[in-house]
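One structure below.
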Amino acid sequence: MKNDLLFRWILIPFFLLTFGTSSTTFSAETIKIGIAGAHTGDLASYGLPTVKAAELIANSVNTKGGILGRKIQLIIEDEACKPELATNVATKLVSQKVDAVIGHICSGATKAALRTYKDAEIIVISPSATSPELSLSGQYPNFHRTIAPDDTQARLVADFALKTLKLKKIAVIHDKGDYGKGFAEYAKIFIEKSKDAKVVLYEGITPGAVDYSAIVQKIKYSGADAIVYGGYHPEAASVVQLMRKRNMKTIFISDDGVKDQTFIKVAAVAAEGVYASGPKDTTKNPLAIAAINEHKKAYGTEPGSFYLNAYSAMLAIVNAIDKAKTTEYKAVHKALRNHSIDTPLGKIKFNDRGDAIGVGFSMYQVKNGIYVELK
Amino acid sequence: MNFFWDLFLGGLTRGSIYALLALGYTMVYGILQLINFAHGEIYMIGAFSALIVASILTMQGLTGLSVLILATIATVLYAAAYGFTVEKIAYKPLRQSSRLSPLISAIGMSIFLQNYVMLAQTSDFLPFPNLLPQSNFLDSISSVIGPSDFIIIVTSAAVMSALTLLLKFTKMGKAMRATAQDQTMAMLTGVNVNRVISRTFIIGSALAAIGGILIASHVGRINFYIGFNAGIKAFTAAVLGGIGSVPGAVLGGLVLGLAESFGTGYISSDYESVFAFALLILILIFKPDGILGRSSQQKV
């Protein structure tokens, strides 16, 4: 009884006090990096690997004494890939005075959040937002990314459909989202310009609808040899399954949003033979192998989507702050452009628009339940 | 012409599911004047429990039709238990309060159930096995209609006819209709109103669970959020047909499904939801109580 009292009235306040003091002294001199993206909801599988990548690098930098003698502190915020939540998260991170942000994950959410960061002069490096206008428009000088934008991806997919597969009639379908529609629009333009093939159908579908039978029927009657789909894996899985159930052999070609193991898990046998573009295979890069092993050691699992992009983004920002010797916006901005760094994606630095030089896409195909890179 | 029939059957399939769900909304509204926003979540829970039960049964070595039947029975019971509990927890204590309170509590229940399933299960999409049997006689019609579409339409029609018979010819149905007409009067004539309300929720949830199993096997994937969209569409169908009316809910569901299917087919799938809601607005302008709704006399 006496021990109990001692514990309750003396130890607890004591602990509270120690934690309280330690966290205030800790935060005064840390370099704060915001990690924003989808950590819950439908698209959590895209966002969580970024958190893990950031944690691994922050830990390893911190055990070596930090950068500029300061430790890295991560501030992790979830916006479930929803633009309206992303602006809230951005405001929150700005008010916590972060020095840089790794994120956001989805293009729509990134676009919504960017203005807030721009006004506060905060460097943003997204591992996965691929909408071309983010960098093309020149509106957001603070924006960087370690992934190639969609027009590069759409160009690759269009060339693949026309030159490698020699398709003549193509249906272009998208999910009406910033990412999917952007990709589909570029793909459509590239296909139409080539004059080798015809776009027989160009339509958007509603994400989360109860059923996609009607659009599948429409694709069937359009006589398309192939579908180029812009969007994410949940809808793609449904459309592919419905097509295969109706014995349609139409080729399915899609983007990075579909190049996710969850797609294969959900679509199962229907996923076989599906093509998708995705970042270049980096499995032979020793840094990538090391990064993946680090993940396996720390978390016991294989890393998920965009892990290496996030890992590289985090390395790039750490390197830039280190080279600039300050966290001041202009200096870091310049350092990102002038100093290249070896990352799991290869040697990268950023161009004037903020796109990483040295990252690109390859085509993949599902074979026996995994994506295999096509040479 | 073939395209027309394909769209028609596709719309009928989708409409049947909407109708199954809309029945739950309309029955509850008929009796309690309450919009049960948690109904879509019962559909989602139905799909999830079917997945769990089916996986367990498959691991035990069962196959084919036996899995489907056992999973359906288990799921219907489970979802019915959920519907019963939701009513007892979220609506019954508020029955005497203003009409807005149970509405808010329904929305709260819906959010609670969604997040509960997300945390207890997963936020990822899960593959749903195709439980609907692939028998030979269905192959012969597969050029006209997909086997799963056929099963969905037939099952829905059977379930809905059973419900109509139940309401028309059984004592329970009579009690339900009486409660819908006038709760106080029904009580005075010896109807156990509380039991009738519980049964309404149980029947509605069972229908939603059947809808959940059918559409999940048809589409092949589920996650914790599928109830929201399906719920909104089914609610629209119920309003379209005349909320409170059982044949109205069926008709509303079919009309909505067909409108979406033909809209997608002949115009553009970009506007799928636009067709659905434009139709709703049009019908409500000309017939404010829905297609089969009786003009309501507001009870004071």
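Since every read-out is calculated from the coordinates, none of them should be taken as a lab result. Values in this document were obtained by computation on a predicted structure and should not be read as measured data. Because the Cβ atoms are built from the backbone with ideal geometry, glycine has one as well, and the counts that use them run over all protein chains shown.
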remark   = Looking only at aspartates and glutamates whose Cα falls under 19 Å of A:Lys334's and that sit 8 or more positions away or on another chain, we get A:Asp99, A:Asp119, A:Glu121, A:Asp322, A:Asp342, A:Asp352, A:Asp355
key: the protein assembly as shown - share of DSSP beta bridges that are antiparallel (%, nearest 5)   = 35
Mean-position separation - Cα centroids, the range A:69-86 and the range B:41-96, in angstrom = 38
task = Please give the FRET efficiency for B:Lys92 paired with A:Ile289, using the beta carbon to beta carbon distance and R0 = 45 Å, rounded to the nearest 0.05.
result = 0.15
remark   = Toy charge model, Lys and Arg Cβ at +1, Asp and Glu Cβ at -1: the range B:76-197 dipole around Cα centroid in debye, rounded to 20, equals 780
request  = Give, rounded to the nearest 20 debye, the magnitude of the charge dipole that the protein assembly as shown has about its Cα centre when Lys and Arg contribute +1 at Cβ and Asp and Glu contribute -1 at Cβ.
outcome  = 480
query = Along the charge dipole of the range A:151-255, which of A:Leu162, A:Pro207, A:Ala184 sits closest to the positive end, that is, farthest toward it, with unit charges on the beta carbon of Lys, Arg, Asp and Glu (+1, +1, -1, -1)?
reply = A:Leu162
ask   = Helix A:233-245 sits at what angle to the longest principal axis of chain A, using alpha carbons and giving 0 to 90 degrees rounded to 10?
value = 30
key: Pairwise FRET efficiency - A:Asn59 versus A:Asp322, Cβ, R0 = 22 Å, nearest 0.05   = 0.85
Along each principal axis, Cα extent of chain A, largest first, Å = 78, 57, 38
task = Could you state the angle between the C-alpha long axis of helix A:213-222 and the longest principal axis of the C-alpha atoms of chain A, as a value from 0 to 90 degrees rounded to the nearest 10?
result = 50
request  = Can you tell me the relative contact order of the range A:67-185? Whole percent, Cα pairs under 8 Å, sequence separation 6 or more.
outcome  = 20
ask   = Equivalent-ellipsoid semi-axes (√(5λ), Cα gyration tensor) for the range B:2-286, whole Å, largest first?
value = 29, 23, 19
ask   = Which entries in the list A:Lys111/B:Lys233; A:Lys71/A:Lys259; A:Lys71/A:Lys349; A:Lys220/B:Lys287; A:Lys195/A:Lys245 go over 26 Å, if you measure between the two C-alpha atoms of each?
value = A:Lys111/B:Lys233; A:Lys71/A:Lys259; A:Lys220/B:Lys287; A:Lys195/A:Lys245
request  = Please give the average number of partner chain Cβ atoms lying within 10 Å of the Cβ of each residue in A:216-229, rounded to a whole number.
outcome  = 2
query = How large is the dipole of the range A:162-313 about the Cα centre if only Lys and Arg carry +1 and Asp and Glu carry -1, each at its Cβ, rounded to the nearest 20 debye?
reply = 620
ask   = Of A:Ile370, A:His333, A:Gly223, which is farthest on the positive side of the dipole of the protein assembly as shown, counting Cα position, with +1 on Lys and Arg Cβ, -1 on Asp and Glu Cβ, and the Cα centre as origin?
value = A:Ile370
key: Under Karplus coefficients 6.51, -1.76 and 1.60, residue-wise ³J(HN,Hα) of the range B:52-65 in Hz, glycine/proline x   = 5, 4, 4, 5, 4, 5, 5, 5, 6, x, 7, 9, x, 5
message = Can you compute the modelled spin-label distance between B:Val193 and B:Ser101, with each label point 7 Å from Cα toward Cβ, in nm?
response = 1.5
request  = Indicate the gyration tensor shape class of the range A:151-255 (rounded, prolate or oblate), computed on the Cα atoms with a ≥ b ≥ c the square roots of the eigenvalues: a/c under 1.5 is rounded; otherwise a/b larger than b/c is prolate and the rest oblate.
outcome  = oblate
task = Distance check, please: which entries in B:Lys88/B:Lys174; A:Lys169/A:Lys280; A:Lys64/A:Lys375 exceed 31 angstrom between their Cα atoms?
result = A:Lys64/A:Lys375
query = Taking the Cα centre of chain B as the origin and placing charges on Cβ (Lys, Arg +1; Asp, Glu -1), which of B:Phe84, B:Ser97, B:Thr58 is farthest toward the positive end of the dipole?
reply = B:Ser97
query = Given R₀ = 56 Å, FRET efficiency for B:Leu62-A:Gln96 by Cβ-Cβ distance, to 0.05?
reply = 0.55
query = Amide H to amide H under 5 Å from A:Val200: which residues, 5+ apart in sequence or cross-chain, H placed 1.01 Å off N in plane?
reply = A:Ile170, A:Ala171, A:Val172
task = Find the Cα radius of gyration of the protein assembly as shown, compare it with 2.2 N^0.38 Å by division, and give the number to two decimals.
result = 1.07
